[in-house]
Amino acid sequence: MADAHAAEHEHGSGGATYVKIAVVLFVLTALEVLLYEVCYGESMTGLASLGASLEPYFVELLLLLSAFKFWFVAMFYMHLKFDMKLLSWLFTFSLVIASVVILALLALFTYNRGLWWPGGLW
Amino acid sequence: MATTVLDPAHAGTRSRSVLVEWLTTVDHKKIGIMYGASAFVFFLIGGLEALLIRAQLAGPNKDLISPEFYNQLFTMHGTTMIFLAVMPLSAMFFNFFIPLQIGARDVAFPRLNAMSLWVFLLGGIFLNASFIWGAPNGGWFGYAPLSGRQYSPGVNMDFWVIGLQILGIASLAAGVNFFTTILNMRARGMTLMRMPMFTWSTLVTQVLVLLSFPVITVALIYLMVDRVFGTGFFVPAAGGDPMLWQHLFWVFGHPEVYILILPAFGIISEILPVFSRKPLFGYSAMVFSMAFIAFLGFGVWSHHMFSTGMGPLADSFFSLATMLIAIPTGVKIFNWIGTIWGGSIQLRTPMYFALGFIAMFIMGGLSGVMHSVAPADLQQTDSYFVVAHFHYVLFGGSIFAITAGAYYWWPKMFGRMLDEGIGKAHFWLMLTGFNLTFFPMHFAGLLGMPRRIYTYPGGLGFDTYNLLATVGAFVLAVSILVFMWNVVRTWRRPADAPADPWGGATLEWAIPSPPQEWNFTEEPVVSGKDELWTLKRAAGVRTLPEPARSDGRGIHLPGPSWWPLIVAIGILLFMVGFMLPRPWAFPFGPVGLVGFVITLVGIFKWAYEPPDAHATPH
Amino acid sequence: MTSTTATLAGHDGHAAEAHHTSLPIENRKLAIWVFIASECMFFATLISTFLIYRGQSLKGPLPADIFEVPLVTAGTAVLLFSSFFVVMALNGAQEGNRRKLITWLSLTVFCGVFFAGMQVYEFSHFYHEGLGYSTNLFSASFYTLTGFHGAHVTMGTLWLATLLKDAIKGDLPAGKALNLEIAALYWHFVDVVWIIIFPVVYLMSLRS
C-alpha cells in the first residue's frame, strides 16, 4: 500500500495541484451563478443581449459546467486519476445506470404529460 | 485422523455460554446457519399463509377466513417469501460458502456481516409481529394510493413500509460486504475468471442489490412521509402521481427478481458439473450471460406496468428489452444441458433437484416470454396466469435450486449426509405437489380468474383448477415435512461426513466437514478453474486424502462482538419510532430518539473496539 | 439510513488488514467506493423525483418565490472549499505532519458545521415563508432531497470530527491515514452530489 501512496505523490496530486483544482472549482461555480444572473437575474441588465442569446442553452450550459466540476473533484480529490482503474469503472458504471434511470423516468413522465424531448424534459 | 480439536470458543480462559457465543459471533459460518434457520422458519410461516389461502380458494363461495384476513395473508405471503425466505436462504449460502469457495478465513467485514443478520432477523420478526395489530394488507408491491393513509388508515401498511426499510438496510450492508469480499479476499491465484460459478452469481447479485435497493429505500421514504407527515408524493389530490410509486417500485422490483434467481443459477451451475463428472460447459459464456441479464435487468422494469397506459413507444421499448433477456437466459439453459450432455451422471438427491430446476425454470421462463408481448400481457396481467408464471420461476426456480443446494452442501455445513431415500421421496413429492398447485393456475388465469381475489362464484370453469391447486399445495406441505423429517433423522446420526462426499471441484470440499472456525489452516493457492479436480487428476485419485484437523495455532481471527446486535436493535427502534402514535412518534418522541442514540453510540463503540477485544488465545 | 452502513463499513475490518488482499487496495477503501456507487442510485432517485414533480405543485410557494441565490451560493462555495481542505488534511496525514493534518481537518469540520447551519437557517426561513414539508410537491421533494443530503453532510461532519479528535490525541499517524482517506472519499461524494443539486435544483428551478 505504501507503494500506491508513493506513486500518488509522484503523479503530482500534492498540495499545489489541489490548490489549482480549488481555484478551478471556484471559477466554475462563479460561472454558473453568472450564467444564471446574465440569463435571468435583474442585476445584469447591461448584458441583456448576451443573456438573450445564452438563454436557450441555459440548462445545457449549466449541466456542462457542473459536469466539469464533478469531473475535477472525482478525478483529483477522489484520486480516480491515480487510483485503480477498477474504482473508476465502479463509479462510472453506477453513474451510467443512475443517469439512464433518471432520463428514462423523466422521459416516461414528460411523455405521459404530452411533452417530448427535449422541451418537456427540463 | 486427528479429531482432537480445541474449539476456541470453549478453550478461552473464560467460557462463554452457547447463547452468548451465537449472539456475539462474527464467524461467517455461524451467521450463515442463523440466516438459514431463521429464513426456514419464515418460509414455514409463509407456507402456512399459502395453505390458508389455498384452503379458502378450494371451492367457490367459501368463507373459511374473513376477506380482511385474506388480504393480510396474500400480502404477507408474498412479502415473507421474497424478503424473509428466498433472499435470506440465498444469504445463508453466501455467508457459509463464499469465504470457503474463494479460500478466505472470513468475509471482509465480519462484524458488519453480523449486523446484517441481526437487522434482517429483527426486521423479519417485526414484520410478522404485525399479525397482533393487523398485518400489511396492500399487496407485496404496496401500490399507491391504496397503500397511502387515505385508503390504508391502520397500522397495517406502516408495518410493511418500515419492515421493508429495515430489511433493506440489512441487504445493502451485506451487498457492500460481499462485493468487497469477493473482489478482495480471493485466494492467491484465483483470478476472476477462475472463480466458481456460485461465487460469480453472488458477485453479480450484490451489484443488483447495491444499485436497486437505494431506489426502494427512497420510494419507501416517500410512502412513509406521505403516511406520517401528510406529504403528497403519491396522493393525486395533492398533485402527486401514484405512477411514480409503480415506476420506482419496479425499478427496484425487476432487479429484485434477478436477486432471487441469480444465486439459484449459481447453485445449479455448481451441482450439474459435479454430478455429471464434467466441467461446466461454456464457463465464460455463463459469466457474461449472467452479467448481461443483470445489466438488462435495469432496463425492463416497465413490463410490469403495460396495463397502466404508458403509450406505444414505451411499451415497445420495454417489450423488446424484455425479449432480449431471453437470449442470455437461453444461453444459460443451453450450457446447463451441454454440461449434462455426455456426462457420467450420478443421480443423487442434489442432482434430482437440479434437473427439476431446469425443467421447471424453463416453463416459468416460457410464460415470462409470453408476458413480454405487451398486447398479450394486457390479457394476462393481474390474472392467475401471472401467479402461475412467477411461482414457476420462484418456486420451481429458486426454491428447487435452494433445496438442491441444501442437499449438496448439508454435509459440509453440519458434517452429516442427508438421507438419499428420504431425499428422493422429498423430490418426487415436491415436484408433484408443485406442478399440481401451479400448473392449473395457468388455465384458471387464462379463463379470467383475477389474482388476489377472495372468492369466486361457481360455474366459471375454474372450480376444478382451484381444487387441484389446493390439493397440490397440501402435497407440497407434506414434501416440506418429509424434508424436516430427513433433517431430524439424520441429525441423530454421528457427524461423520467425509470432507468431499460428492467429488467436488471447488475449495470448500478440500477442508473438513464441518469446517473448523478458521476454515483453511493454510491459505490455499489456486492454479486454475475447478482447482480440486486439477489436484485429483494430477494425483490420479478420485478423492483426495481426508484433510487433517488442526489446532489452529497462530491463526488470527476477529473476536466476537456485541455491537452488531446492539446497533441492529438501535436501528429497529429508530425505524419503529416513525410509526408510533404521538407522543411516542419519531421527531420528538422517545422511542426513535433512543434508537438513534443506541445506533450512534453502538457505531462509535464498534469503531473503537479493539479488533481482538475478546480474541481467544491460539 | 444508508450512511450508517458507510460508517460501519468504514471502521470495520481491522482483522482484514493483516490479511492478504487480491487487489492492491484495502478492503475498507474498496467498500467505501462500493457504498458510494450504491449511493449514486439513492440520490438519482431523489433528483428524478424532484425533476418529475417540477411544475406539478397545485399551490405555492414555488421555487422562484423563495430561493435565494446568494445564501445557497455561499453554502456551495463552503462545501467546495471543504473538499479542498480535506485533501490537504489527508496530505498532512499521509506525510505524518500532525500540525498540517489538524489545521486542515479543523477547517473541514468547520465547513461541515457551517453548511449544515446554512441549511438549518434556510429551512427555517422557508418554513416561515409558508413552505412547510407537506405544503406542495415542490416542498416535499425539495426538503426530502436536500434534507437527506444534509443528513449525509451531518454524518460526514461527525465522522470527520471523530477523526479530528483522534488526530489531536495523536491517534492518526501516517500508518492510519487510510481512516481519513475513506472519510474524505465519502465527503467528496457528498460534495459532488451538491455539485449536481446546486444547478439542477436551485438554478434551474429559479427560472420563472
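The values are calculated or read from the model by the stated rules, or taken from the named source; none is laboratory data. For clarity, every value in this text was computed on a predicted model and none was experimentally measured. Virtual Cβ from ideal backbone geometry, glycine too; neighbours counted across all protein chains shown. All accessible areas refer to the heavy atoms of the entire protein, side chains included, with ligands and DNA or RNA removed. Shrake-Rupley method; radii C 1.70, N 1.55, O 1.52, S 1.80 Å.
Under a Cβ-Cβ cut-off of 10 Å, what is the net charge of the residues other than B:Arg149 that fall near it, where Lys and Arg count +1 and Asp and Glu count -1? Charge balance in the 10 Å sphere: -1. Computed from backbone phi with θ = phi - 60° and the Karplus coefficients 6.51, -1.76 and 1.60, the 3J(HN,Hα) list for the stretch A:92-105 is 4, 4, 5, 5, 5, 4, 4, 5, 4, 5, 4, 5, 5, 4 Hz; x is used for glycine and proline. Which far-off residues, 5 or more places away or on another chain, put their amide H under 5 Å from the one on B:Ala497, with H placed in the peptide plane? Residues meeting the amide H criterion: B:Arg416, B:Met417. For chain B, the relative contact order comes to 18 percent (Cα pairs under 8 Å, sequence separation of at least 6). Of the peptides B:244-256, A:66-78, the ranking by mean beta-carbon count within 10 Å, highest at the top, reads B:244-256, A:66-78.
Computed from backbone phi, the HN-Hα couplings of the stretch B:212-220 come to 9, 5, x, 5, 5, 4, 5, 4, 5 Hz, rounded to whole numbers (Karplus: 6.51 cos²θ - 1.76 cosθ + 1.60, θ = phi - 60°; Gly and Pro given as x). Amide hydrogen proximity for B:Val235: with H placed 1.01 Å from N in the peptide plane, the residues at 5 or more positions away or on another chain lying under 5 Å are B:Gly240, B:Asp241.
Which of the three applies to the stretch B:252-498, rounded, prolate or oblate, going by the alpha-carbon gyration tensor with a ≥ b ≥ c and a/c under 1.5 meaning rounded? Here the stretch B:252-498 falls in the oblate category. Chain A contacts chain B over a buried accessible area of about 1300 Å², both sides summed; the probe is 1.4 Å and only protein chains count.
Interface area, chains C and B: about 4500 Å² of buried accessible surface, summed, with a 1.4 Å probe and ligands, DNA and RNA left out.
Give the shape of the protein assembly as shown as rounded, prolate or oblate, defined through the alpha-carbon gyration tensor: a ≥ b ≥ c are the square roots of its eigenvalues, a/c under 1.5 means rounded, and otherwise the shape is prolate if a/b is larger than b/c and oblate if not. Oblate shape, in that a/c is at least 1.5 and b/c is the bigger or equal ratio.
Enter the Cα centre distance for the pair the stretch B:483-557 and the stretch B:292-309, rounded to the nearest angstrom. Going from one Cα centre to the other spans 42 Å.
Of all lysines in the structure, the ones whose alpha carbon falls short of 25 Å from that of C:Lys100, not counting any fewer than 8 places away in one chain, are A:Lys20, A:Lys81, C:Lys29, C:Lys165, C:Lys169, C:Lys176. Its relative contact order, with pairs defined as Cα atoms under 8 Å and 6+ residues apart, puts chain C at 31 percent.
Considering only protein heavy atoms and a probe of 1.4 Å, how much of the accessible area of the protein assembly as shown is carbon and sulfur, as a whole percent? Within the protein assembly as shown, the accessible surface is 69 percent carbon and sulfur.
Taking packing as the residue-averaged number of other Cβ atoms within 10 angstrom, the listed peptides A:20-30, B:188-198 run from highest to lowest as B:188-198, A:20-30. For peptide A:27-39, the mean count of partner chain Cβ atoms within 10 Å of a residue's Cβ comes to 3. Helical content alone sets the calculated 222 nm signal of chain B at -21500 deg cm²/dmol, taking -39,500 (n - 2.57) per DSSP H segment of four or more residues and averaging over every residue. Each residue, A:Ala16 and C:Phe110, gets one label point 7 Å from its Cα in the Cβ direction; the gap between the two is 2.7 nm.
Shown are A:Tyr36, B:Tyr408, whose ranking by accessible area with a 1.4 Å probe and every protein chain present, most to least, is A:Tyr36, B:Tyr408. Once both labels are positioned 7 Å from their Cα atoms along Cα-to-Cβ, the gap between B:Val369 and C:Ala64 label points is 5.4 nm. Counting only residues at least eight positions apart within a chain, or on another chain, the aspartates and glutamates with an alpha carbon under 16 Å from that of B:Lys278 are B:Glu270, B:Asp530, B:Glu531. Residue by residue, the stretch B:272-285 carries 3J(HN,Hα) couplings of 4, x, 4, 8, 10, 6, 8, x, 4, 6, x, 3, 5, 4 Hz when phi is fed to the Karplus relation 6.51 cos²θ - 1.76 cosθ + 1.60 (θ = phi - 60°); x denotes Gly or Pro. Residues whose amide H lies under 5 Å from that of B:Ser383, counting only those 5 or more places away or on a different chain, are B:Arg451; hydrogens are built 1.01 Å from N in the peptide plane. Each Lys or Arg adds one and each Asp or Glu takes one away; over the other residues whose Cβ falls under 13 Å from the Cβ of B:Ala37, this sums to +2.
Model label points for B:Arg188 and A:Trp89, set 7 angstrom from Cα along the Cα-to-Cβ axis, are 2.4 nm apart.
Computed over protein heavy atoms with a 1.4 angstrom probe, the accessible surface ordering of B:Glu523, A:Glu42, A:Glu37, largest first, is A:Glu42, B:Glu523, A:Glu37. Buried accessible surface for the C/A pair, both sides summed and rounded to the nearest 100, is 4200 Å² with a 1.4 Å probe. C:Glu129: net charge of surrounding residues, Cβ under 15 Å, Lys/Arg +1, Asp/Glu -1, itself excluded? Counting the neighbours of C:Glu129, the net charge comes to -2.
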